[in-house]
Every structure is written in structure tokens, then in C-alpha cells.
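**Q** First, the structure itself, so that you have it in front of you.
The values are calculated or read from the model by the stated rules, or taken from the named source; none is laboratory data. All values reported here derive from a predicted model rather than from experimental measurement. Cβ atoms come from the backbone with ideal geometry, glycine included; neighbour counts cover every protein chain shown. For accessibility, only protein heavy atoms count, side chains too; no ligands or nucleic acids. Shrake-Rupley method; radii C 1.70, N 1.55, O 1.52, S 1.80 Å.
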Amino acid sequence: MMFSRFLKKLENIAQFNICIAFSSIAHQNQVSRSKLYHVYSTVRCFQSGRFVCGGNSSSRHWSQSPTRVFGNRVSRAMKNEAQKALFDYLHYTRTLSFVDADHISKNSPRFILSLLSKIDDTRKEDISRALTKFLRYNPINEFEPFFESLGLRPSEIPRFLQRDLVLLSDDGIMFENFHVLCYYGIPRGKIGRMFKEAREIFGYENGVLASKLEAYESLVLSKPIVIKLVTCCPLLLVGDIDSEFVSVINKLKGVNIGCDWLARYLSDRKTYNWLRILETMELLDKVGFKDERLSSLLKAYPDLVGEASGNKAYIMLEKFHKVGLQMNEIDNLVTDNPEMLLEKSVKRILETLKFLKRIRMEKQFVVRFLLCHMKLICSSSLLGPRAVWNRLKIGRDQLCQIIKEEPLRLFSLASKTNNSRIKLDSLDLRNAEKTVFLLKLGYVENSDEMVRALKKFQGRGDELQERFDCFVKAGLDYNVVSQLVKRAPHMLNRPKGIIEKKINLLTDYLGYPIESVIESPTYLCYSMERIHHRFSMYIWLKERDAAMPRLTLGTIVGISNTLFVSYFVNTHPEGRATWENIKKAST
């Protein structure tokens, strides 16, 4: 009896729940018919993961939801299946072009992982079918994989997502301008930076962006140069043609430097201020670098245009005048130390001037110090004077007197790097000057590579610089020599006079171009006697068609004496006698 009453209650509860469920469904159907667009928008926003709770919008988006199933077990095959499913969705369902769908699906790895996290099937044969089904009933925010495929980092994507834009077709103007950039030849993976830095260009009306690209081509710039420029400096496409950029181009043309030189040194990892670059070039012109001198300087130190701050350099020159440097002295300083105009060097020079001023150093000493130790100043970052006298437990006047008596102690007492491997505490000017030279070659200050290089390079810094200049004066590009010397430090371990003689033997006696040294830098390590003997014999054999022309220096000079006699001397009946005569003549 009790059991039958219990069953009756259960039956009544079940009927009550069914009634509630049907009434709820009916109500929902009525809502969906009256507000269909609102419901679809809500679903789309939900899929993009952009929620609003109490008025505060969440920055979390759809692809950032946690991975449920796969974790680190996602194989290459799984990713391929997911890419195929995304491609099919974008191309066949959403009717994106084959190229667009293919690029997005293959270049959005983070989004692919988020897709895989939405399904429970871990078998390869089920992944594609499961994702196809998921995408059929769960609209995605297409801007997420699109932005990721353009090179934007996942952390940067949320700020570009908009609540009312979910399908790429929702922003047709942006997508059209994206295609203009693609058709022009700009790599899709670099368009993300352009979108991030110059979003305005993606809102241009039809034809505007293409006309801007053509306008830069009309400045006698080739298409590859324009592509490099706008990917590194997207703001060039905002507004009218950048007049400051045009002035820089005209300035470069005026000193016979092609625009391809500028494009070669541009980097999409940096930002560029064309007004600052123009000010720097005008500053160089004012201190005496005109025409050929400016051209040579920019080729040797391209970073002068790439990063130097014209305003800071002006401030530095004004301070030089205040301490008593004459204009001709400033010209000589810049001519002998063009690296002093680099942004980092300018900062260190201003630090040094501020330090000397705060310890009340006389202007005459400051002038002498600048003229004698500019290379050291450019390579040394200093602590503030208060930190120095507090550490030494001395007063301002005592510190000033110490530096007057031993000027180089400034670098050992105030250097920020005096606890590192490379120290100036011993006041070893020879080592300090060598360090300055190595910094100019591109070695990183206080690195293990720098420590090893200090041991390999023999001689003072000024001697190494003189030897280095021998190759530049002979016709090699500064940057080529820098790379060559880093690869073969022993090139500079010979006196300047010997290097010049070996270069003359190569170019004047043998008739080879100076570029031959690039492929055989060890040539410079052999003795003058060996080089002269081998060259003389080789020239004699060439004149009699007994040797191949244009053999490498490594073949002529580098092989052993036994092999040289076998492969060269003995190839001609009179070779042995001639070889002996050459050796006797030199003694």
C-alpha cells in the first residue's frame, strides 16, 4: 500500500516536470521566432568567447579555452586532419578563395590546437569527421585564425576582435585591402605587423591603397624596395606621401647612394622615424660630411641613419661648444670617431659630460679628456658620481683630484661593468682600446666571445684599426671586412706594413682583385718569401700555358712545398730550374 502511494507520487512529479519542460520549449520557440537575429548574434558571440558580465567585458576568446583532451599528445597527423577540416570549412562552407583558406588553415597552429580540444575523438580517422560536424553546428570567429596567420601573436589577437564582427565577410573593406597588399607581393605573414601599427590603411576605400603603393614606386623605387619599406614602416601608407621620407630619399640620391642601400639595412624588427633620420643626415652635413665623405661614412656605419637621434646629437654638440671645443676640433672628433653619433654612444658621451660636470671638473680638462679618450667614452657606461664617492667613501673634491691625476681611473672607478670579465681596473689602455675596436666589429660587450677575441687579436686597438683600414682602403666594403676579420682574426696579427705589401703582391704583382682574400683569408698568414716564390712560379707557368688561370690563393700558396713542386713546378720541363732560380734570386 505504501509502495503504491510512492509510485503514484513519482508519476505525478514526472508529469509536472514534463509540463514545465514543454511550456519552456514553447516559450523559447516564440522568442526565437521574434528575435532570431539576436539569438544568432548571441551564439556567435558565445563561440568567440567574448562575454559581458555586469558590464565588464572579458578578454578571453574562443581559441584560449583550455585544451580538454589532447594536451601534449597532438601528433602531426592530427594537426593535418584539423587543418584539412578548417580548410574545407573556410573554402567550401564559407566560400573563401583556395589561397586564403589554405594559408589560414596552415598558419594558425594555436587555433588548430583549440579546435582539437573541442572534440572527444582521439582516433585519426574520426578527427576530420568530428571537426566537420563541430564546425557545422558551432560557428567560429574567423578573425582569430585569420589574424594568427598574418603573424600576430595569440596574446595580441584579443584586442583586435570586435563583438559585431565574426565572419571575415562582415568586414569586406578590411579584407579587400588585405588582398591589395597580397596581390602587390607583400608576404601574408608580415601583414600582421602592418595591421597592428597602421590599422587605418585597412579602412581605405577601393583603389586608395593601390594608388599609394604606386605613388611610392613613382619615386623611382622598385617594387621589391617598396615592399621592404612598407613592411618595415607601415605608417608610410597612412595619409599623404611622407615628405620627410621623400627628403631622405633625395638626400641619399644626392650622395650617390641608391635606395636599395637603404632597403638593405631596414629591419622589420625596428621602428623608424624619418624626421629623426633626416635630422641626423643634416647634422652630418653640418659637421663636414658632404657628398663622397657622407657616402663613405654611411656605407661604413649604416646605423648612423638607422638609429641615431638627431635631437640628442644636437644637444651633445651644444655641450661640446659650452665646454670649449672648437668647431674644427668637433669635426676632427666626428671624422676620427663616426661611431660617436650612434644613439648608444651619444647617450654615453652625455653621461660622461654630466659626470665630469657634477664633480666640478675644469673645462680645460674636459676638452683634453674628450679629444684623447673618445673611443673609450663611447664604449663605457658610467655610474652616477654620487654612487662612486659613496662606494669609495670619499668626497667630491677628492674624486675630482683622483681623475685629474689619472684620467683613465674614471673608467675603472665609475664603469658599470667593472665587475665583469673585461676590467679596466689595471688601467691597461692597450686592452681597453682593443675592446673598443672589437665592439665596433660587432662583438657583444662582456660576452664569452669577446673574451676569446681579446686573446686572438694581437696588438693595440689603434694598431688593429690601422690594419683593418688597409683592407677598406684597398677596396673591400667595411661590413665585408668586419665579417671576414671575425671569421679569421689572424688576418690582423701582422704589422700594417706587411699587410700592405701582401695586398700589393696580390693586386699589382699577381693581378688578382682584392676580393680574392674573402675566400682565402689564410693567405695573409704566410711569409712574404713564400708568397713571392709561389706567385713568381705561378706567373711564369701561366705565361707558358702550363697552369690554369685564376686558381685560388689557397691552391697557390696554401698547399705544402712537396705538393706545389709536384703539381706546379714539375708540369714544365724547365720548371725545376726556374724554381731554383726564383729561390736563389730572393736570397
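**Q** With respect to Val569, is the statement that it is at pLDDT 85 or above and either closer than 28 Å to Arg452 by Cα or surrounded by fewer than 17 Cβ atoms within 10 Å (Cβ to Cβ) (or both) true?
**A** The answer is no for Val569.
**Q** Please name all residue pairs, on different chains or six or more residues apart, with Cβ atoms under 6 Å, provided the first residue is in region 388-413 and is of a type in the set (Phe, Trp, Tyr) and the second residue is in a helix (DSSP H, G or I) and at pLDDT 85 or above.
**A** Every condition considered, the pairs that remain are Trp389/Leu399.
**Q** Within region 179-194, how many residues are in a helix (DSSP H, G or I), more than 12 Å from Gly207 (Cα to Cα) and open to solvent by less than 10 Å² (accessible area, probe 1.4 Å)? Walk me through how you get there before you give the answer.
**A** Residues of region 179-194 that are in a helix (DSSP H, G or I), as a first pass: 179-184, 188-194.
Now restrict to residues that are more than 12 Å from Gly207 (Cα to Cα): 182-184, 188-194.
Then keep just the ones that are open to solvent by less than 10 Å² (accessible area, probe 1.4 Å); that gives 191-192, 194.
Selection size over region 179-194: 3.
**Q** So which residues in region 333-371 are open to solvent by 10 Å² or more (accessible area, probe 1.4 Å) and outside any helix (DSSP H, G or I)?
**A** Selection gives Asn337, Leu342, Arg360, Met361, Glu362.
**Q** What are the residues in region 220-249 that are surrounded by fewer than 16 Cβ atoms within 10 Å (Cβ to Cβ) and either touching a residue at least 60 places away in the same chain (Cβ under 8 Å) or assigned to a loop (DSSP other than H, G, I, E, B) (or both), if any?
**A** Listed by number, the residues that qualify are Val220, Ser222, Val238, Gly239, Asp240, Ile241.
**Q** Another question about this same structure. May I ask you to verify whether His533 is open to solvent by less than 40 Å² (accessible area, probe 1.4 Å), outside any loop (DSSP other than H, G, I, E, B) and not charged (D, E, K, R)? Steps first, please.
**A** Working: open to solvent by less than 40 Å² (accessible area, probe 1.4 Å): yes; outside any loop (DSSP other than H, G, I, E, B): yes; not charged (D, E, K, R): yes.
The answer is yes for His533.
**Q** Only residues that are part of a helix (DSSP H, G or I) and more than 24 Å from Ser345 (Cβ to Cβ): list them for region 387-396, please. So that I can check it myself, show each step before the final result.
**A** We begin by selecting, within region 387-396, every residue part of a helix (DSSP H, G or I); these are 387-392, 396.
Within region 387-396, Trp389, Asn390, Arg391, Leu392, Arg396 qualify.
**Q** Filter region 509-520 for residues that are assigned to a helix (DSSP H, G or I) and crowded, with 19+ Cβ neighbours inside 10 Å and give the result.
**A** Selection gives Val517 alone.
**Q** Moving on to the next point. What residue, of Leu464, Leu484, Leu476, is touching a Phe, Trp or Tyr at 6+ places or on another chain (Cβ under 7 Å) and under 30 Å from Met450 (Cβ atoms)?
**A** Just one listed residue meets the conditions, Leu464.
**Q** Next question, about the same structure. Taking region 199-219 as the search range and keeping residues that are under 26 Å from Arg264 (Cβ atoms) and open to solvent by 50 Å² or more (accessible area, probe 1.4 Å), which one is nearest to the chain's Cα centre (by Cα)?
**A** Once the filter is applied, the top-ranked residue is Glu217.
**Q** Just wondering, is there one or more residues in region 557-566 that are outside any helix (DSSP H, G or I) and within 48 Å of the chain's Cα centre (by Cα)?
**A** yes
**Q** Which members of region 203-230 meet the condition of being in contact with a Cys (Cβ under 7 Å, 6 or more places away or on another chain) and under 13 Å from Val246 (Cβ atoms)?
**A** Selection gives Leu221 alone.
**Q** Part of a helix (DSSP H, G or I), open to solvent by less than 40 Å² (accessible area, probe 1.4 Å) and under 26 Å from Leu317 (Cβ atoms), is that true of Ile277?
**A** Yes; evaluated as a whole, the condition is true for this residue.
**Q** I've got another one for you. Which condition number in (1) open to solvent by less than 60 Å² (accessible area, probe 1.4 Å); (2) at pLDDT 80 or above; (3) closer than 21 Å to Asn337 by Cβ; (4) of a type outside the set (Phe, Trp, Tyr) is the one that Ser415 fails?
**A** Result: Ser415 passes all but (2).
**Q** In region 473-506, what residues are in contact with a helix residue (DSSP H, G or I) (Cβ under 8 Å, 6 or more places away or on another chain), under 16 Å from Lys440 (Cα atoms), open to solvent by 50 Å² or more (accessible area, probe 1.4 Å) and not charged (D, E, K, R)?
**A** Within region 473-506, just Val480 meets the criteria.
**Q** Which numbered condition trips up Asn107, out of (1) free of Cβ contacts under 8 Å to residues at least 60 places away in the same chain; (2) open to solvent by 30 Å² or more (accessible area, probe 1.4 Å)?
**A** Condition not satisfied by Asn107: (1).
**Q** Of the residues Leu399, Leu376, only one is in a helix (DSSP H, G or I) and at pLDDT below 85; which? Let's see the steps before the verdict.
**A** Numbers: Leu399 fails: at pLDDT below 85.
One residue alone meets the criteria, Leu376.
**Q** I'd like to verify a number: residues in region 250-260 that are on the phi < 0 side of the Ramachandran plot and open to solvent by 40 Å² or more (accessible area, probe 1.4 Å), how many?
**A** Number of matching residues: 5.
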